[in-house]
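Take a look at the structure set out below.
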Amino acid sequence: MGILNVTPDSFSDGGRFLEKEKAVNRALRMKEAGAAIVDIGGESTRPGASPVSEQEEISRVIPVIEEVASRGIPVSCDTSKPGVAREALRRGAVMINDVRGFSDPEMREGAAGYNAAVCVMHMKGTPRSMQSGPRYENLLSEIREYLHRQASLCREAGIPREEIFIDPGVGFGKTLEHNLELIANADFFTVRHPVLMGVSRKSFIGMISGLHPRDRLGGSVASACWLALKGVDILRVHDVKETVEALKVIKEIRKRRNE
Ligand code: 8Y7
C-alpha cells in the first residue's frame, strides 16, 4: 500500500503534493512500482496535529481519489469522517483506513453499504494527546482485544471477516519500546483477520538511527521485510519501489526454507 498524503503539513512529504496533478502522478508511479493499493488521506495524524474540517478534507482528497480510481488503481481512503468516507466510496475507493478504529457506527455502516474493505487501527488517545506517556498493562493482548472488538462491530454492520484488516497502529500512543514490541510480535495479530501495518519512516526508526524522516529508507525496508516474514498481509509505505524490490527477494528466499 503506497502512502499518498494530500495534506499541507504532512511530515515527510511536506506539502509537495498539494496539487491534484502531482498527487495523481505520484499514485501512477506507485502503481508502476508495484503498489497493490494507494492510501489517500487529507487529515494529518502526526502527533499534535490540528483537526481538519469535513469540507476541507473533502476538497483535498476527493478530486484525487476520483482521478486515481478512474485510472484503474485500487484506492483506500484514510479518513475518520463518515462524510468523507462515503464520498470517497461513491467516487471509486475500495477501502477505508480509519486510524480511529471505526468507533463511529456511521463509518461501519458506510463501508458496509459500499462493500468496501476496512482497516481498523488502534490508537491510544487522540493525535493531540497520544504521545504523552502512554501506558499499557499488557500491550499485545490489550491492543488485540481492542482490534477484535472493533472488527466484531464491523462484522455486525455486514462487512465480511476477510475484508476487515486490523492494525496495531505503530506510533499512535506508543513509546519506542511499545513500537518495537508490536513489530517484533506482529504475528500475534494474524490469528483472526488479515493484518495491515505502517512503519515507513516512523519516529521509532529515527530514535534508533538518529536520521531525518527522508533518510529512513534503510530502516523502513528492514522493518517491512521483518513484518512480511511475520505474516503481515499489507504494508503501508512511502517508498513503494524499494519495498517491493526487497519483498520480491524475501519471497524467493522464504520459498526455499527447510521445514
Ligand atoms: C498509519 C496509518 C498513518 C498506520 C494505518 C504515518 C494514516 C502516520 N500511519 N494508517 N496512517 N496504519 N492503518 O507516518 O500505521 O504515515 S499516518
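Read the figures in this text as sums done on the coordinates, not as results from a lab. Since the structure is predicted, the reported quantities are computational estimates derived from the model, not experimental observations. Counting neighbours? That spans all protein chains shown, and the Cβs are built from the backbone with ideal geometry, glycine included.
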At a temperature of 37 °C and a viscosity of 0.692 mPa s, determine how fast the stretch 47-155 diffuses translationally according to Stokes-Einstein, using the Kirkwood radius over alpha-carbon pairs as Rh; express D in µm²/s, rounded to the nearest whole number. 221 µm²/s
Nearest-20 debye value, the stretch 1-115 charge dipole, Cβ charges on Lys, Arg, Asp, Glu: 320 debye
Which of the listed residues, ILE253, LEU180, GLY72, is farthest toward the dipole's positive end in the chain, when Lys, Arg count +1 and Asp, Glu count -1 at the beta-carbon? ILE253
Quick calc: nm separation of the 7 Å Cα→Cβ label points for ARG90 and GLU156 -> 2.8 nm
Over the stretch 202-259, what is the relative contact order in percent, taking alpha-carbon pairs closer than 8 angstrom and at least six residues apart? 26 percent
Can you pull the one-decimal nm distance between simple spin-label points at ALA33 and ASN115, each 7 Å off the Cα toward Cβ? 3.2 nm
Please state the charge dipole magnitude for the chain, taken about the Cα centre, from unit charges on C-beta atoms (+1 on K and R, -1 on D and E), reported in debye and rounded to the nearest 20. 580 debye
Here D for the stretch 103-153, in µm²/s, from Stokes-Einstein with a Kirkwood Rh over Cα pairs at 37 °C and 0.692 mPa s, works out to 260 µm²/s
Mean shadow area of the stretch 178-259, taken as a quarter of the surface of its Cα convex hull (nm²): 5.8 nm²
Which whole-number percentage describes the relative contact order of the stretch 14-97, with Cα contacts under 8 Å and a sequence gap of 6 or more? 30 percent
The chain - Kirkwood radius from inverse mean 1/r over Cα pairs (Å): 18.4 Å
If eta is 1.306 mPa s and T is 10 °C, what Stokes-Einstein diffusion coefficient results for the stretch 151-201, Kirkwood Rh from Cα pairs, in µm²/s? 132 µm²/s
Would you please give the FRET efficiency between THR190 and SER59, computed as 1/(1 + (r/R0)^6) with r the Cβ-Cβ distance and R0 = 30 Å, to the nearest 0.05? 0.20
Listed residue (PRO168, VAL244, VAL6) projecting farthest to the positive dipole end of the chain, Cβ model: VAL244
Yeah, the stretch 49-113 with a ≥ b ≥ c from its alpha-carbon gyration tensor (a/c under 1.5 is rounded, else prolate when a/b outruns b/c, oblate otherwise) is oblate
